[in-house]
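Structure first, commentary second.
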Amino acid sequence: MLLLDRNGAKPDPFIAVETLDDAPGKNVIDAFASVDALLAAGPAQAAVLAPNDLDAEDFAPYLDRLALIAIRFPSATDGRGFSLARQLRRLGYKGVLRASGPLFPDQFPQALACGFDEVEIPDANAARQPVAQWLAALNRVTLSYQRDYARGATGPASILDRRARS
Amino acid sequence: MYAYDELDRQIVRERVAQFASQVERRLDGSLTEEEFRPLRLKNGVYLQLHAYMLRVAIPYGGLSSRQLRQLALIAEKYDRGYGHFTTRTNIQFNWPKLREIPAILGLLADVDMHAIQTSGNCIRNTTTDCFAGAAFDEIEDPRPTAEWIRQWSTLHPEFDWLGRKFKIAVTATQQDRAVLRGHDVGVRIVRNAAGETGYRLYVGGGLGRTPMEGKLVRDFLPRAELLGYLEAILRVYNLEGRRDNKFKARIKILVHEIGLEAFRAQVEAEYSKVVAAAPAPDLREFERITASFDAPDFADLPEVSRKLEQAQAADPDLAQFVARNLFRHKKKGYVALTISLKSIGGAPGDATAEQMRAVADLAEQFSFDQVRVSYKQNLVLPHVRRDDVPEIFAVLKAQGLATPNVDLITDIICCPGLDYCALATARSIPLAQTLSRHFADPDKQKEIGELSIKISGCINACAHHHIANIGILGLEKSGGESYQITIGGDPGDQYALGELLGPGLPASAVPEAIDRVIGVYLDARRQGETFIETYRRLGVTPFKAAFKEIADAVA
Ligand code: SF4
């Protein structure tokens, strides 16, 4: 797996554990279905991997206790995760959002615009599409017609804001 | 025309460069064919039966002379000298080479055009009334609303990977000339009791293998709220629409399966959250767009044109053209003039480069530089002085573009079918040509009156055959082509899907079958009744009986 954010490749601070007995004191990622047990096990930081067909509201009770939510993209063309990320941000989620699955570089700016911070892609994809291609994809379209999508300073500039200022 | 600003231009340029990089990365193996496919589709590039096809967006059907000339140039340089106008008011070039496509996109960008989102599972080209801005009966010009939607939906980061394609139409008239209820979302510009202009929204219409009628989802939406509400609809669709079966992935299936009430409740719930999270919507951008449409400087003219009347008296061909191809303009002394791309025996919707240039010249000289493409695959000069009609007619005649058949039986809507399309199950163009010749006699056409024939080469229904007065669907049956005929469809206010007359027929039997159907109408019609009106009064039964004789004979 290759994990990267807008600055490039990064190590994954979270580990999967055999049993939750190993969780205390560690940064642990587990399936969202086990979130209650995970939180009860007392990890240093908790992260979940969630399917993309859950309701954003399902996450609401846990948002301030999860350091990371990874949303699975079963395929590159299944765009549900983009809307789910958007809704989680709207619910006030402040932790890290990770898109996990076989996305390709041209989708990286879209993922960031919808509220993701990072993507995690399978090794086979990373072999074809090294980090440089992912970073290059961020700078191809520097404008957007939508207003509050780009998060942070590096996203495309909103045409609407530019026009409003001129 | 909406005038691009530098930002509109820059985003199109950047998109062209992005696509060039995608082509390169496909060629060097970085992108697999599976990954590249949706990227090329979202840039209008299809792989057809014989070649690549490029579908160029013509937003809400509006073209300037300069743009049309550029299309002519592309047709000459990169195609075989012609282009095909579609029911989505786009134009398709059938023979470009993949490596030339970035260059073509560059030529388009030079004239503020693009091929963005003309295919793929994203929000497609927004369409409207081909007489927008000219029609006598509109509440306002619907094009600023359509442009507002175009910008909002262009390169939308959240709605680029939907379950299926998504089509929006806008109209501002009582009489629906934009097939509102055949769209994923239909936007009708209305005035409420307080005199405010806003939108009435229909959702879940569509044709294809499961044709459905769009349903009223919001009776009145204040203008400023349009994009927020569309965002809510798209988000609900993106999250809830089916992903397990491509044939059940359109929003119409979602609305149908969960029911309109449940769908509306979900949209309204999502919308209330959109409203709560976003700053109050304002109309600044809408107003900027509206101001960017240059308003034609119409002259004050008399209602009637002596010049035209005299010319008509001297030339029966012109008189016939005037009777069929003119539409009432909101401004006295002007008309909207339809240029039929349905010459007798021609391929519906095709125009040669030379014809495109001739139309561009006419638009420049006589129609404030404007041309429109209609979903019926014709062109329109929206703002023509009555006085100028004889001169325009003469030019059109010389170009083979003066066919006086608007909304008559030879004004056939027809998809590319098996002559080009990779999805086709039968040819459609040759049958359209046969029928056009079969009904060529102008007196016969006049006698039959308004009647629409639409021919699709497969169940995808690109030619809207379900909502034709006479719809023809080409299928493949035991190795041969078989054509199913439906009648009674209506694309407008009395939206209706056609009824199947019986078993499919070979192409050779179709003209006679249609003769029989028309025979029933001509025998039974009352004074002034059109085909569809007689059909509504009689029902399908007598038509079926007449059809059966033909079907039995060939069975
Ligand atoms: S109706 Fe079928 S054959 Fe015709 S253009 Fe559409 S997909 Fe192709």
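A few remarks follow.
- Pair-distance profile P(r), taking every C-alpha pair of the stretch B:404-443, with 5 angstrom steps and integer %: 6, 25, 26, 18, 13, 10, 3, 0
- Look at the stretch A:135-146: the mean tally of other chain Cβ atoms within 10 Å of its residues' Cβ atoms is 5.
- For the stretch B:240-314, fraction of C-alpha pairs farther apart than 17 Å, in %: 74 percent
- Ranking of B:414, B:421 by solvent-accessible surface, largest first: B:421, B:414 (1.4 Å probe, protein heavy atoms only, all chains present).
- Note on the stretch B:26-65: Kirkwood radius taken over Cα pairs, Stokes-Einstein applied at 10 °C and 1.306 mPa s, translational D equal to 133 µm² s⁻¹.
- Altogether, the Stokes-Einstein calculation at 10 °C and 1.306 mPa s, with the Kirkwood radius of the stretch B:306-398 over Cα pairs as Rh, returns a diffusion coefficient of 118 µm²/s.
- Ranking by accessible area, most exposed first, for B:256, B:383 with a 1.4 Å probe: B:256, B:383
- Residues whose placed amide H lies under 5 Å from that of residue B:190, excluding near-sequence neighbours: B:198, B:199, B:200
- Exercise: per-residue mean of other protein chain Cβ atoms within 10 Å, B:152-165: 6
- Percent of C-alpha pairs per 5 Å bin, the stretch B:142-291, short to long: 2, 9, 19, 23, 22, 15, 7, 3, 0, 0
- In the full protein context, the protein assembly as shown carries 38 Å² of accessible surface per residue, based on a 1.4 Å probe and ignoring ligands, DNA and RNA.
- When the alpha carbon coordinates of chain A are projected onto the principal axes, the ranges are 57, 36, 26 Å, largest first.
- B versus A: buried accessible surface, summed, Å² (probe 1.4 Å, to nearest 100): 3600 Å²
- For residue B:5 and residue B:331, a Förster radius of 41 Å and the Cβ-Cβ distance give a FRET efficiency of 0.90, rounded to the nearest 0.05.
- Beyond 24 Å in Cα-Cα separation lie the following of the pairs A:10/B:165; B:215/B:446; B:454/B:477; B:165/B:215; B:342/B:548: A:10/B:165; B:215/B:446; B:342/B:548.
- Partner lysines whose Cα lies under 27 Å from the Cα of residue B:331, excluding those fewer than 8 positions away in the same chain, are identified as B:307, B:376, B:397.
- Within the accessible area of the stretch B:413-554 (1.4 Å probe), percent carbon and sulfur: 51 percent
- Label sites at residue B:295 and residue B:269, each approximated as a point 7 angstrom past Cα along Cα to Cβ, lie 4.5 nm apart.
- Gyration tensor over alpha-carbon atoms, chain B, equivalent ellipsoid semi-axes in Å: 34, 29, 26
- Peptide packing for B:502-512, B:268-278 was compared via the average number of neighbouring C-beta atoms within 10 Å per residue; ordered from the highest value, the list is B:502-512, B:268-278.
- Shielding by partners - mean other protein chain Cβ count within 10 Å, residues of B:231-241: 3
- Sequence-ordered 3J(HN,Hα) estimates for the stretch B:305-315 from the Karplus curve with 6.51, -1.76 and 1.60 and θ = phi - 60° stand at 10, 4, 4, 5, 4, 5, 4, 5, 4, 8, 9 Hz, glycine and proline given as x.
- Share of carbon and sulfur in the accessible heavy-atom surface of the stretch B:306-398 [1.4 Å probe, %]: 47 percent
- Solvent-accessible surface (1.4 angstrom probe) belonging to residue A:36, in square angstrom, nearest 10: 100 Å²
- Distance-filtered residues of the stretch B:522-555 - backbone nitrogen under 18 Å, label point 7 angstrom along residue B:434 Cα→Cβ: B:547-555
- Taking θ as phi - 60° and the Karplus parameters 6.51, -1.76 and 1.60, the scalar couplings of the stretch B:432-440 work out to 4, 5, 4, 5, 4, 5, 4, 9, 4 Hz in sequence order, x denoting glycine and proline.
- In chain B, the calculated helix contribution to ellipticity at 222 nm averages -12000 deg cm²/dmol per residue, counting -39,500 (n - 2.57) for every DSSP H run with n ≥ 4.
- Reducing the stretch B:285-313 and the stretch B:92-126 to their Cα centroids gives an inter-centroid distance of 32 Å.
- Note, ³J(HN,Hα) from phi for the stretch B:12-22, Karplus 6.51, -1.76, 1.60, rounded to Hz, x at Gly and Pro: 5, 4, 5, 5, 4, 5, 4, 5, 4, 5, 5
- Measuring only protein heavy atoms, the 1.4 Å probe finds residue A:55 accessible over about 80 Å².
- Beta bridges per DSSP, both residues in the stretch B:142-291: antiparallel share near 75 percent.
- Value of Rg/Rh across the stretch B:6-110 [Cα atoms, Kirkwood radius]: 0.96
- Residue B:220 - accessible surface, heavy atoms, 1.4 Å probe, Å² rounded to 10: 50 Å²
- Viscosity 1.306 mPa s, 10 °C: Kirkwood-radius Stokes-Einstein D of the protein assembly as shown over Cα pairs, µm²/s: 58 µm²/s
- Extent along principal axes [Cα atoms of the stretch B:382-462; Å; largest to smallest]: 47, 27, 20
- Rg to Rh, two decimals, where the stretch B:84-222 supplies the alpha carbon set and Rh follows Kirkwood: 1.00
- Largest to smallest accessible area among B:119, B:478 [probe 1.4 Å]: B:478, B:119
- Pairwise FRET efficiency - residue B:282 versus residue A:33, Cβ, R0 = 45 Å, nearest 0.05: 0.55
- Helix content alone sets the calculated 222 nm mean residue ellipticity of chain A: runs of n ≥ 4 DSSP H residues at -39500 (n - 2.57) each, divided across all residues, give -7000 deg cm²/dmol.
- Divide the volume of the convex hull around the Cα atoms of the stretch B:62-150 by the residue count and you get 114 Å³ per residue.
- Taking every alpha-carbon pair within the stretch A:1-93, the share separated by more than 21 Å comes to 35 percent.
The values are calculated or read from the model by the stated rules, or taken from the named source; none is laboratory data. These numbers come from a predicted model, not from an experiment. Note: ideal-geometry Cβ built from the backbone for every residue, glycine included; neighbour counts use all protein chains shown. Side chains are part of the model used for accessible areas, which takes the heavy atoms of the whole protein and leaves out ligands, DNA and RNA. Shrake-Rupley method; radii C 1.70, N 1.55, O 1.52, S 1.80 Å.
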